[in-house]
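The next block holds one structure in the form of C-alpha cells; read it before the comments.
Just so it is clear, none of the values below were taken in a lab; they were calculated from the coordinates. Remember, it's a predicted structure, so these values are computed and weren't measured experimentally. In this analysis, Cβ positions are derived from the backbone assuming ideal geometry, glycine residues included, and neighbour counts consider all displayed protein chains.
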Amino acid sequence: LMYRGEALEDFTGPDCRFVSFKKGDPVYVYYKLAGRPPEVWAGSVGRVFGYFPRDLIQVVYEYTKEELQVPADETDFVCFDG
C-alpha cells in the first residue's frame, strides 16, 4: 500500500480493468504501472480493484516512499467483460 487518497471527481472506467468511483470516495493506491505512462495507478475503492487516472485523486496520506518494481505479464491486463 503506497497511498490513501480521495477522488476529486466521478470516474467511470472504460472496461473491467478499471475501477469506477464517485467524487469524495476513498481510494487506496497499491502501485504505479512501471514501463507505462505514470499517470495510471492501480488501487481499490471499497472491495473493487482496478486502474484509474492518477490525476483524479488527491493523495491524503503517504504510507511509504519506497518503490519496488514487480514484473508483469500481458495477461495481467486482460479484460474478460463481454
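Would you kindly state how much longer the chain becomes between GLU74 and ASP15 on full extension, computed as 0.36 nm times their sequence separation minus their alpha carbon distance, in nm to one decimal? All intermediate terms of the calculation are to be shown ahead of the outcome.
Working: separation 59, 0.36 × 59 = 21.24 nm, distance 1.62 nm.
Computed gain between GLU74 and ASP15 is 19.6 nm.
Which far-off residues, 5 or more places away or on another chain, put their amide H under 5 Å from the one on SER20, with H placed in the peptide plane?
Those lying under 5 Å, H to H, from SER20 are GLY13.
Please list, in chain and number order, the residues 5+ apart from TYR3 or on another chain whose amide H is under 5 Å from its amide H, with Hs placed from the backbone.
VAL29, TYR63
Treat every Asp and Glu Cβ in the stretch 3-77 as -1 and every Lys and Arg Cβ as +1, leave all other atoms uncharged, and give the resulting dipole magnitude about the Cα centre to the nearest 20 debye.
Values: 9 positive and 13 negative charges, 38 e Å.
Rounded to the nearest 20 debye, it is 180 debye.
Starting from the Cα gyration tensor of the chain, multiply each eigenvalue by 5, take the square root, and state the resulting semi-axes largest first in whole Å.
Semi-axes from the Cα gyration tensor: 19, 18, 10 Å.
Each residue of the stretch 46-60 in turn: what ³J(HN,Hα) in whole Hz from Karplus with 6.51, -1.76, 1.60 and θ = phi - 60°, glycine and Pro shown as x?
Values, residue by residue: x, 9, 9, 10, x, 8, 7, x, 5, 6, 9, 10, 10, 5, 9 Hz.
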